[in-house]
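The values are calculated or read from the model by the stated rules, or taken from the named source; none is laboratory data. Just so it is clear, the model here is predicted, and its values are computed rather than measured. Virtual Cβ from ideal backbone geometry, glycine too; neighbours counted across all protein chains shown. Side chains included, ligands, DNA and RNA excluded: accessible areas come from the protein's heavy atoms. Shrake-Rupley method; radii C 1.70, N 1.55, O 1.52, S 1.80 Å.
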Amino acid sequence: MSRILTASMAAALQDGSPRGLFVAIDHPDGTGYFWTGVGSREWNGHVWNGAGTLGSITPLKHSSEIAVQEITFSISGIDAAIADGLNDDVRNRIGEVWLVCFAWDDSVVPDPYKLTNSELDYQVFEAAEDGTTTISIIARSGFYMLDRGVEEAWTPENQELIDPDDTGMDYIPGLQNQDLPWTPT
């Protein structure tokens, strides 16, 4: 996963711009888009709903050690009838978290910083005395993600999705059956 902090994000962080987290959960009942504030925000073609104090994410840690990190995405105050209707098979789906900064005009600063891309494992439902439910989805990242198969092929078509102006992959099909002698120089 690329972790490049763009100049616009670096400047926003340095200037002390307001910030938050955007969280995308690929759930069998539909992808959920949330953010850590109140109200809704638009970014990347999606509407991100504010979870406010009802949502939480366990602290994300970055280190140079090879380790499995367990992350818990939780949201509270869900109506029990809605929670009962949710599919609970989230295994092998993806949860993503971005650090976002907001410009002084309240827009999202371009290129939020992706903090993690985690593989979901299971979810837990906990009923509260007031009749609402807390849903916690457990995910794993780090070393656990290394044994996941590559989901992309190195083709001109896939490269065009990433960067339409990059034509370097156009040469790959011609290299498949080419004989290249290796000689010491």
- Item | So V124, is it free of Cβ contacts under 8 Å to residues at least 24 places away in the same chain, assigned to a strand (DSSP E or B) and either among the aliphatic types (A, V, I, L, M) or open to solvent by 50 Å² or more (accessible area, probe 1.4 Å) (or both) | yes
- Task: Could you tell me which numbered condition I66 fails, if it satisfies all but one of (1) among the β-branched types (V, I, T); (2) over 29 Å from A127 (Cα atoms); (3) at pLDDT 85 or above?
- Result: (3)
- Message: Could you tell me how many of the residues in region 90-114 are open to solvent by 10 Å² or more (accessible area, probe 1.4 Å), farther than 15 Å from W48 by Cβ and within 20 Å of the chain's Cα centre (by Cα)?
- Response: 7
- Message: Return the residues of region 104-121 that are without any contact (Cβ under 8 Å) to a residue 40 or more places away in the chain and in a strand (DSSP E or B); say none if nothing qualifies.
- Response: E119, D121
- Item | Pairs where the first residue, in region 5-32, is farther than 30 Å from I135 by Cβ and the second is hydroxyl-bearing (S, T, Y) and surrounded by 13 or more Cβ atoms within 10 Å (Cβ to Cβ), C-beta under 9 Å, 6+ apart | L5/Y113; T6/Y113; M9/Y113; A11/S17; L13/Y113
- Task: Looking only at region 77-86, decide whether some residue is at pLDDT 85 or above and open to solvent by 60 Å² or more (accessible area, probe 1.4 Å).
- Result: no
- For region 149-162, pairs from a residue that is farther than 12 Å from P173 by Cα to a residue that is modelled with pLDDT of 65 or more, with Cβ under 6 Å and 6 or more apart or across chains, are E152/N158; Q159/D166; Q159/M169
- Message: Being within 19 Å of the chain's Cα centre (by Cα), more than 18 Å from F34 (Cβ to Cβ) and either modelled with pLDDT of 85 or more or assigned to a loop (DSSP other than H, G, I, E, B) (or both): is that true of E129 here?
- Response: no
- Please give the number of the condition G52 fails out of (1) farther than 13 Å from S141 by Cα; (2) modelled with pLDDT of 85 or more; (3) open to solvent by less than 40 Å² (accessible area, probe 1.4 Å). (2)
- Pairs with Cβ under 9 Å, 6+ apart, first in region 88-99 and closer than 16 Å to V124 by Cα and modelled with pLDDT under 85, second open to solvent by 70 Å² or more (accessible area, probe 1.4 Å) and assigned to a strand (DSSP E or B): D88/Y122; D88/F125; D89/Y122
- Look at region 1-31 and say how many of its residues are farther than 25 Å from I162 by Cβ and under 17 Å from the mean Cα position of the chain (by Cα). 5
